[in-house]
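Where a number appears in this text, it was derived from the coordinates with a stated rule and is not lab data. Note that the structure is a prediction, hence the values are computed from the model and not measured. Cβ placement follows ideal geometry from the backbone for every residue including glycine, while neighbour counts extend to all protein chains displayed.
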Amino acid sequence: MLTRVYKLPIRGRVLNDKPLTGDKNNPLCIIPLSELPGYEDLEPNDSGFSCVNLNYDIDEGWCEIEVTASEALHEWLLGLMPRVRNIAETKGWKVDKTELEKTKKARGDEK
């Protein structure tokens, strides 16, 4: 098993950033690896992984994660990284910050 760090898109609705809170009907989450193209083609022994969230950027819509997985899974994921933003856009995966902007305005710390 190898460990590498990636930045992956996140999706969902942000209600607050202090503390980070998502909508229960549209929760914040990292794009599941199983929903990325080609995951289903990995051998069962190669598709298992664990990940740790290291950092997130709501404004940019990504989360930095540490993935521990087989070499085959890392090769597949590395191959997708140049296209992952386009994949997210095509599938409509995005961070909805509408409610967050209202929250910031109400507490007086909007940009």
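Could you tell me which numbered condition N86 fails, if it satisfies all but one of (1) over 15 Å from Y6 (Cα atoms); (2) in contact (Cβ under 8 Å) with a residue 12 or more places away in the chain?
(2)
May I ask you to list the residues in the range 20-54 that are touching a residue at least 60 places away in the same chain (Cβ under 8 Å) and surrounded by fewer than 16 Cβ atoms within 10 Å (Cβ to Cβ)?
D23, N26, listed by residue number.
With the chain as the region, which helices (runs of 4 or more DSSP H) entirely inside it contain at least 3 residues that are within 13 Å of the chain's Cα centre (by Cα)?
It comes to 84-91.
Identify, from the list T68, T98, the residue that is out of contact with any helix residue (DSSP H, G or I) (no Cβ under 7 Å at 6 or more places or on another chain), of a type outside the set (D, E, K, R) and over 27 Å from D17 (Cβ atoms). Steps first, please.
On the way: T98 fails: over 27 Å from D17 (Cβ atoms).
On inspection, the qualifying residue turns out to be T68.
Can you tell me which condition I58 does not meet? The list is (1) within 20 Å of A88 (Cα to Cα); (2) β-branched (V, I, T); (3) touching a Phe, Trp or Tyr at 6+ places or on another chain (Cβ under 8 Å), and all the others hold.
(3)
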